[in-house]
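Worksheet for the structure shown next.
Values in this text are rule-based calculations from the coordinates and carry no lab data. Owing to the predicted nature of the structure, the values given are computational and were not obtained by experimental measurement. Cβ placement follows ideal geometry from the backbone for every residue including glycine, while neighbour counts extend to all protein chains displayed.
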Amino acid sequence: MRDVLRNMEEYDHEQVLFGYDKVSGLRCIIAIHNTTLGPALGGLRIWPYKNEDEALFDVLRLSRGMTYKNSGMGLDFGGAKSVIIADPNKEKPEELLRAFGRMVESLGGRYITAEDVGSTLEDMMTIRKETKYVAGLPETSGNPSPVTAYGVLQAMRATAKHVWGNESLENKKVAVQGCGNVGLSLIEQLIQAGATVYAADMFENKLQRAVKAGAIPVEQDKVFDVEADIFAPCALGAVLNDETIPKLKVKAVCGSANNQLLEPRHGKALAARGIVYAPDFIVNGGGVINVAEEFAPGGYNKERAYKKAAGIYDILLKVFAIATERKIEPYEAAKVLAEERIRKALEQKRMYLGR
Ligand code: NAD
């Protein structure tokens, strides 16, 4: 087992809860990274991790990412994430999810869970039986993907403004990797905005949906070679690496996938090739904006969620401005923006309120 406390120190975590349930065999980890801005919000990943070390590494990294994302989006939520070690396609009995729900409840609202890779809206409804600290239920904010895709489109407009001096996406060529929930919606919106879209997916049926929407199909591993203006990773993380970066023939990267850079140094590698990288956790913040809306006074309001997601345009321009001013890369500037907000909130908390 890894040295947990040393890892918490390294990542600057507040609390890590390891949960086990005898009845269902649940093995989960909930990592609360930072609650300066408010209760920690972040999804539940159900994944067949090879071992506990792998699960711990993932949950620590992902929860820190949520602190940055929530802060960057201007939300009053801290960052957390949870993982259940299980195969989402095999073992998801009700007792397992209910036992997880009880773990969440035991944190008394310090952590709010939601959907992520391997967990579904239906799973959230089961977890809801044990705790009210669940977001993204079908009867409230529901599927976040259309809002995420809308946010990515706003980020692309800001990227175009930064790179070409004009926010229009008309006649821009965009290569989209992944035609899933976010990718397909983004493709539809891009075509509507007058862009030419190249699309790739590992599944033919997913690709055909994109073709039907007007995209030009590209073979799965040729998507990095497309001569285009923007590359939009909307499939997996770690796609920007030593192998793929030299192939890219674009001026910018802007897509929904989480953790696109394999390592931070790949942000520098993109810059060295003259490619502008729009930081993923700013670009794909529409999803968490949508979920956070559930907690706004008066409850979830779709129109307001879209309006806030439109704000990603200005947030990203601010990130580019910080990068230029401080002579750093945009992915570093995005962290500066997020950390600055947390630092200010922390300082204001010095005033005793007697509660
Ligand atoms: P999804 O599973 O619906 O879609 C992913 C698509 O990528 C699938 O169609 C899959 O076949 C395809 N794919 C996987 N590997 C591929 C490869 N190597 N080459 C080509 N295609 C490949 O997922 P999604 O909800 O659309 O999310 C896409 C990405 O955006 C993920 O990284 C997710 O973490 C991130 N994200 C999603 C949201 C959201 O609201 N759904 C919010 C924030 C971030």
With a Förster distance of 35 angstrom and the Cβ-Cβ distance between VAL336 and SER106, calculated FRET efficiency to the nearest 0.05 equals 0.50
Taking 0.36 nm per residue of separation between ASN51 and TYR352 and subtracting their Cα-Cα distance, the length gained on full extension comes to 104.0 nm
The answer for trypsin sites (Lys or Arg not before Pro) in the range 1-93 that fall in a DSSP coil and have at most 10 neighbouring Cβ atoms within 10 Å is LYS22, LYS50, LYS90
Under 17 Å by backbone N from the virtual spin label 7 Å along Cα-to-Cβ at ASP314, the residues of the range 327-343 are 337-338, 341
Candidate cut points under GluC sites (Glu not before Pro) in the range 205-243, DSSP loop plus at most 13 other Cβ atoms within 10 Å of their own Cβ, are GLU219, GLU243
With label points set 7 Å from each Cα along the Cα-to-Cβ direction at ASN241 and LYS302, the distance between them in nm comes to 3.9
Beyond 25 Å (Cα-Cα) in this structure, taken from LYS69/LYS349; LYS251/LYS327; LYS172/LYS249; LYS132/LYS335; LYS69/LYS132; LYS172/LYS247, we find LYS132/LYS335
Trypsin sites (Lys or Arg not before Pro) in the range 206-279 lying in a DSSP loop, each with at most 10 other Cβ atoms within 10 Å of its Cβ, come to none
One finds, for LYS173 and THR120 with R0 = 30 angstrom and r their Cβ-Cβ distance, a FRET efficiency to the nearest 0.05 of 0.30
Expressed in angstrom, Rg and Dmax over the Cα atoms of the range 146-224 are 12.0, 37
Once ASP12 and LYS268 are pulled to full extension, the length gained, defined as 0.36 nm per residue separation minus their Cα-Cα distance, is 89.7 nm
